[in-house]
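The values are calculated or read from the model by the stated rules, or taken from the named source; none is laboratory data. Since the structure is predicted, the reported quantities are computational estimates derived from the model, not experimental observations. Cβ placement follows ideal geometry from the backbone for every residue including glycine, while neighbour counts extend to all protein chains displayed.
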Amino acid sequence: MATTTETITQALPTLSLRGAPSGQEQPRPESSYRYARLLPHFSPTTYPPLTPFEHDEPGLRALEHERPRAFLDGATSVVELTPRLGTEVHGVNLAQLDAIGRDELALEVARRGLVVFRGQQEFIDRGPDFYLEWGRYFGRLHIHPTSGHPEGYPELHLVYKDANATFNFERDESTTTTLWHSDVSYELQPPGLTTFFLLSQPETGGDTLFTSQVSCLKKLSPQFVAFLRTLKAVHSGVEQANFSRAGKRGGVVRREPVENIHPVVRRHPVTGEEALYVNRQFTRRIVGLKKEESETILGFLYDHIDKSGDNQARLKWQPYTVAIWDNRTTAHSAIVDYGESKERRHGARITPQAERPIPAFNGLEL
């Protein structure tokens, strides 16, 4: 294990402007760091607004398979992390999955919300071209408007923090680093099956929390759920963009921020399950309600999500771990508890977009 940890966790980088746009730092590549080519780069390239597209959901195809969990046949261990959320798998090589296996994976993730695969060195070491091929199988790849990416690969979203700098969207004035969110929920077609892994990690800390928005909804009374189904809410990327415009994170905004309206309760296109679709980071207000009404309902839902430990799972990262979750039915939060150690946490996210959220209430007009 010591050798593996040393491979993943390397010496900390120094930072340099190196010709970057004003207010923007970029990590200097290190010859000793195995994943130096995947360090954050903040290109000033800008992109036009995203346009709608027809999403082809791979999990639907797996519903027709005689054995839709056959991709797990070679697993040495399949363990449920909690009854309601999360499965941990050993012995399955994601890099070797064919199209049938990928479809079955999508279905399994839809059903369990989160599936964690250990021992995925081949997947991680195949590099960015493979990451793009992998992600495109599950949907149109999202280019994040403000985050760092490996140079030449804007479709790969990076999280990064070390002893000298952070390129994450963090709120220093908060008493906690816990900030539940569904990735870029402000997009018209937010992500579906999402893949994330760490290239470098602290010895301890830096875990990720997940919660099932399906289970959170089921905890509420039927009368209240019936009311929530009739509601829609605004999700906004403005605050995230302004955070970068202020010179933080990397100081770039590649695409002008958008706001979109989504149902407060959405229906999964594969499982048919209903899930809450609000999050503290990006949801701003409920359409049609007065300010106090909207804030009261959203505040209750956020508090419910925050406190419902029986709906949550905690992922402790190990070298060569790949986590895949369904962004439609889960929310998550990084735990930034490792700052005093001065260690690096460097992660990559592959983010295919999916369908526009489907309202649980058929009569809801968006």
Considering only the range 90-119, state which residues are in contact with a Leu (Cβ under 8 Å, 6 or more places away or on another chain) and surrounded by fewer than 19 Cβ atoms within 10 Å (Cβ to Cβ). 97
Condition first: modelled with pLDDT of 95 or more and not in a helix (DSSP H, G or I). Now tell me which residues in the range 234-246 satisfy that. 234, 235, 236, 237
Would you mind listing the helices (runs of 4 or more DSSP H) fully within the range 38-142 where at least 3 residues are modelled with pLDDT under 95 and either on the phi < 0 side of the Ramachandran plot or among the β-branched types (Val, Ile, Thr) (or both)? none
Could you check how many residues of the range 333-352 are more than 21 Å from residue 38 (Cβ to Cβ) and buried (at least 22 other Cβ atoms within 10 Å of the Cβ)? 1
Note: among 67, 140, 126, just one is surrounded by fewer than 22 Cβ atoms within 10 Å (Cβ to Cβ) and within 24 Å of residue 330 (Cα to Cα), namely 140
Based on what the data block shows, is residue 243 over 23 Å from residue 366 (Cα atoms), aromatic (Phe, Trp, Tyr) and either in contact with a helix residue (DSSP H, G or I) (Cβ under 6 Å, 6 or more places away or on another chain) or crowded, with 21+ Cβ neighbours inside 10 Å (or both)? no
Can you tell me which residue is farthest from residue 110 (Cα to Cα) among those in the range 329-344 that are aliphatic (A, V, I, L, M) and part of a loop (DSSP other than H, G, I, E, B)? 336
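Residue-by-condition table, conditions (1) closer than 30 Å to residue 41 by Cβ; (2) touching a Gly at 6+ places or on another chain (Cβ under 9 Å):
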{"site": "236", "(1), (2)": "yes, no"}
{"site": "240", "(1), (2)": "yes, no"}
{"site": "243", "(1), (2)": "yes, no"}
{"site": "263", "(1), (2)": "no, no"}
{"site": "271", "(1), (2)": "no, yes"}
{"site": "282", "(1), (2)": "yes, yes"}
{"site": "288", "(1), (2)": "no, no"}
Among residues of the range 300-343, those that are within 18 Å of residue 279 (Cβ to Cβ) and free of Cβ contacts under 8 Å to residues at least 24 places away in the same chain, counted: 4
The lone exception for residue 176 - which of (1) over 26 Å from residue 82 (Cβ atoms); (2) surrounded by fewer than 20 Cβ atoms within 10 Å (Cβ to Cβ); (3) polar (S, T, N, Q) it fails: (1)
Say we look at the range 70-89 and pick out the residues that are of a type outside the set (A, V, I, L, M) and either under 22 Å from the mean Cα position of the chain (by Cα) or more than 20 Å from residue 122 (Cα to Cα) (or both); which of these is surrounded by the most Cβ atoms within 10 Å (Cβ to Cβ)? 86
In this structure, does residue 270 turn out to be modelled with pLDDT of 95 or more, part of a loop (DSSP other than H, G, I, E, B) and either in contact with a helix residue (DSSP H, G or I) (Cβ under 6 Å, 6 or more places away or on another chain) or among the hydrophobic types (A, V, I, L, M, F, W, C) (or both)? yes
Residues that are surrounded by fewer than 20 Cβ atoms within 10 Å (Cβ to Cβ) and touching a Leu at 6+ places or on another chain (Cβ under 6 Å): does the range 286-302 have at least one? no
